[in-house]
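I have a structure here, written as C-alpha cells, and I will follow up with some questions on it.
The values are calculated or read from the model by the stated rules, or taken from the named source; none is laboratory data. No experiment lies behind these values; they were computed from the predicted model shown. Cβ: placed from backbone, ideal geometry, glycine included. Neighbour counts: every protein chain shown. Accessible surface areas use protein heavy atoms only, side chains included; no ligands, DNA or RNA. Shrake-Rupley method; radii C 1.70, N 1.55, O 1.52, S 1.80 Å.
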Amino acid sequence: MIEMEEEELAIDCFLLAGRLLMQSGAETYRAEDTMLRMANSQGFTSAQSFVTPTGIIFSAGHKRPTRIAQIPRRSTDLEKIALVNGVSRRLTAEQITLSEAFEELQRIDRSNLYFPTWLQIVASAIASGCFLILFEGVWSDVPAAILAGGIGFLLFVLMHELTKVKFFAEFTAALFVGITAFLTVKLGIGIQIDKIIIASVMPLVPGLLIANAVRDLMAGHFVSGVAKGTEAFLTAFAIGAGVALVLSF
C-alpha cells in the first residue's frame, strides 16, 4: 500500500510539472523531457509521455496505469517555467525529495506571478510607443501609439475576462486600436495611421506562440507544432480582421 501511494505521488508530481510548463507557454519537447528526467530520477526508467497543447498522456511503465492530465488554459509565464525547471533539476540532482518537489510544484500552481493588470496595460502602452519609433514612425505619433496600444490591451484583458474567448478578445482589441488610431489622425494628434496601428497591435501579436510552433516542428512534434501554428494564425487573423474592419469604412 505504501509503495502504491508513493507511486501515485510520483505520477501526480510528474503530471503537475508537465501541466504547469504547458500552461505557462513552454515548448512541448521541454515538458516531455522534464517529465521523463524526473521519472528516471525516481526509478521509472520505462516511463513514457505524450504531450499536446491541450492534454498530457503519461505512463510510468508497461505494468503501471496510464494517466491523463487536461490543460484547460494556456498563457505566457516564463517565471513559472523557470521555477518548474528549477524544481526538476533539484529533484534529479537528489537535492530535494519527491514529496518536497510535489509541495513546491503545488505552491507554484497556486501562486499568481503575473504583474498587476494596470502595470501590464502601462507596459503595453509604452511598448507601442517604442515600436512606433522602431518602425521608423515620426516622434509626434508616439502619444497616439501609446494611447491606442493602452486602450487595445485594456479591452483585450476586459473582453477575455468577460467572454473567455481569446479570438473575440483579440478581434475587439484590434478593432478599437484601429478606431483610436483613426480618431487621433482625424483630430490632428497623429499623422501616419498605418505606423500607429502597426505599433499598437504589436503587444497582441503571438510572438512566443509562433516561436514555440516552429521549435516544436523542428523537434519533430508535428501535432503540437501544427496546433500552436493554427492558434497563432487565428490570433493573427483576429487582429487583421479587426483592423481591416476599421479601414474598410
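Considering only residues of the range 221-236 that are over 15 Å from the mean Cα position of the chain (by Cα) and free of Cβ contacts under 8 Å to residues at least 24 places away in the same chain, which is most open to solvent (accessible area, probe 1.4 Å)?
Among those residues, the one meeting the criterion is Phe222.
Give me a count of the residues in the range 76-106 that are in contact with a Leu (Cβ under 9 Å, 6 or more places away or on another chain), without any contact (Cβ under 8 Å) to a residue 60 or more places away in the chain and farther than 13 Å from Thr34 by Cβ.
Counting residues in the range 76-106 that are in contact with a Leu (Cβ under 9 Å, 6 or more places away or on another chain), without any contact (Cβ under 8 Å) to a residue 60 or more places away in the chain and farther than 13 Å from Thr34 by Cβ gives 6.
Of all residues in the range 128-150, which are closer than 16 Å to Ile179 by Cα, of a type in the set (A, V, I, L, M, F, W, C) and touching a residue at least 24 places away in the same chain (Cβ under 8 Å)?
Ala144, Ala145, Leu147, Ala148
While we're looking at this one, here's another question. Taking only the range 237-249 into account, find how many residues are open to solvent by 20 Å² or more (accessible area, probe 1.4 Å) and closer than 16 Å to Lys166 by Cα.
The qualifying residues number 3.
Being under 24 Å from Ala227 (Cα atoms) and of a type outside the set (Gly, Ala, Ser) is the filter; apply it to the range 58-73 and report the residue that is surrounded by the most Cβ atoms within 10 Å (Cβ to Cβ).
Phe58
Quick one: in the range 45-95, of everything that is in a strand (DSSP E or B) and out of contact with any Ser or Thr (no Cβ under 8 Å at 6 or more places or on another chain), which residue is nearest to Gly25 (Cα to Cα)?
Here the answer is Gly55.
Could you check the range 74-110 and list, in sequence order, the residues that are open to solvent by 40 Å² or more (accessible area, probe 1.4 Å), within 29 Å of Ala227 (Cα to Cα) and among the hydroxyl-bearing types (Ser, Thr, Tyr)?
Ser75, Thr76
OK, next. I need the full set of residues from the range 1-57 which are hydrophobic (A, V, I, L, M, F, W, C), open to solvent by less than 70 Å² (accessible area, probe 1.4 Å) and over 19 Å from the mean Cα position of the chain (by Cα), in order please.
Leu9, Ala10, Ile11, Cys13, Phe14, Met35, Leu36, Met38, Ala39, Phe44, Ala47
Another one. Out of the residues in the range 199-217 meeting the condition of being within 14 Å of Gly25 (Cβ to Cβ) and surrounded by 24 or more Cβ atoms within 10 Å (Cβ to Cβ), tell me which one is farthest from the chain's Cα centre (by Cα).
The selected residue is Asp216.
Being under 16 Å from Ala173 (Cα atoms) and either more than 17 Å from the chain's Cα centre (by Cα) or open to solvent by 40 Å² or more (accessible area, probe 1.4 Å) (or both) is the filter here, so list the residues in the range 128-155 that pass it.
Those that are under 16 Å from Ala173 (Cα atoms) and either more than 17 Å from the chain's Cα centre (by Cα) or open to solvent by 40 Å² or more (accessible area, probe 1.4 Å) (or both): Ser128, Ala144, Ala145, Ile146, Leu147, Ala148, Gly149, Gly150, Ile151, Gly152, Leu154, Leu155.
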